[in-house]
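Take a look at the structure below.
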Amino acid sequence: MRNGTTPPEHADQIHTAPAKQPAKAWRRIRATARMLASLLLGGAMVLGAIAVFRQGLLPLIDATFQPSLETLSLIRRAGIFSAAIAGYWTYVHWHEKRKAAELRLQPASLFAWGVGGAALIALPILLLFAIGAYELVHYRDPSAALFGAAALIGIAATLEELVYRCLLFRVLERSWGTMFALPVQAVVFAVPHLGNVAKGGTLDAATMLVSVIVLGLLWAGVFVLTRNLWVVAANHAAWNFTILLSGVPLSGIDDWRALAPLESRYAGSDWLTGGIFGPENSVLVIVSATFAVVLLLRAARRRGMLIAPAA
């Protein structure tokens with residue numbers, strides 16, 4: 001020290017400490033690259049399996065058996081559903097080298113969370129009817145076509161949960177942790193829904209983004225607690241089917257309103273009714289869904305189910 005030299009132990013710290021920062025940054029870059037590669041591979045395997053069915057197997061079935069248009073449509077939907085699940089299962093077993101525990105059936109949980117999804121949207125819708133924001137115009141006897149609509153809603157909800165929660169959220173979570181992955185996947189989930197409010201204005205689009213981001217957080221929260229595709233898909237599908245039954249637009253889609261037992265109309269302001277996107281854009285639904293997200297994440301934290309970012 002007196003002659004101006006640095007003690008050996010301090011010299012080591014001076015030389016090694018700066019080197020740790022580039023090494024850590026490089027590890028993060030490699031981890032992010034691996035994460036993006038995993039997402040691309042998983043997406044390619046799911047979409048590739050669907051493409052093989054639609055472009056290869058489905059035309060072969062059509063040419064060989066010549067089913068009716070209705071039967072062919074049923075085969076197409078069932079085939080796309082099965083191909084997507086098979087593609088994801090193959091990705092998990094081949095790339096991640098683990099059992100796809102999230103694909104195990106849990107009937108009791110599936111039923112309970114399905115009822116929960118229906119109740120979570122039914123309560124604000126009932127309140128909207130009670131305060132006169134929605135008005136019942138006519139009641140129809142239930143149509144057998146509702147079974148087909150329910151099946152289509154179930155397939156669509158399962159495919160969305162497979163892509164956004166089982167694949168996107170889970171892979172993001174593995175690298176960046178739960179609390180970072182939650183908003184990222186929710187935004188990615190919301191953006192494609194912009195097409196459903198193309199006829200609306202900027203306010204409709206902005207409100208829709210907020211509402212669907214909240215829903216993305218909601219279903220990711222259910223996934224965090226259950227770690228099961230079928231459970232979160234049941235919650236999602238029950239939510240959507242309840243909206244259909246009420247006779248108002250479902251995520252900006254009017255096509256199924258004619259099948260609903262209730263023929264309903266708006267009698268309130270867009271901020272209350274949800275406007276062209278339907279009840280999901282209602283302030284009541286956004287607030288109640290946000291409250292549900294908070295409860296889900298608090299429960300997940302108490303149970304130690306939140307994953308920290310990878311080092």
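Residues to consider are 73, 143; find the one that is free of Cβ contacts under 8 Å to residues at least 12 places away in the same chain and either among the hydroxyl-bearing types (Ser, Thr, Tyr) or part of a strand (DSSP E or B) (or both).
Answer to the selection: 73.
Tell me, which helices (runs of 4 or more DSSP H) lie completely within the stretch 168-268 with 2 or more residues that are in contact with a Phe, Trp or Tyr (Cβ under 9 Å, 6 or more places away or on another chain), free of Cβ contacts under 8 Å to residues at least 60 places away in the same chain and within 30 Å of residue 38 (Cβ to Cβ)?
178-190, 202-226
For the stretch 118-136, indicate whether the set of residues that are in contact (Cβ under 8 Å) with a residue 12 or more places away in the chain, surrounded by 14 or more Cβ atoms within 10 Å (Cβ to Cβ) and not in a helix (DSSP H, G or I) is non-empty.
yes
Considering every residue within the stretch 274-282, establish whether at least one is crowded, with 19+ Cβ neighbours inside 10 Å and among the acidic types (Asp, Glu).
yes
Please pick out the residue among 202, 178 that is out of contact with any helix residue (DSSP H, G or I) (no Cβ under 6 Å at 6 or more places or on another chain) and surrounded by 19 or more Cβ atoms within 10 Å (Cβ to Cβ).
178
Return yes or no: is residue 227 surrounded by fewer than 24 Cβ atoms within 10 Å (Cβ to Cβ) and modelled with pLDDT of 95 or more?
yes
The values are calculated or read from the model by the stated rules, or taken from the named source; none is laboratory data. This is a predicted model, so every value here is computed, not measured. Neighbour counts run over all protein chains shown; Cβ positions are idealised from the backbone, glycine included.
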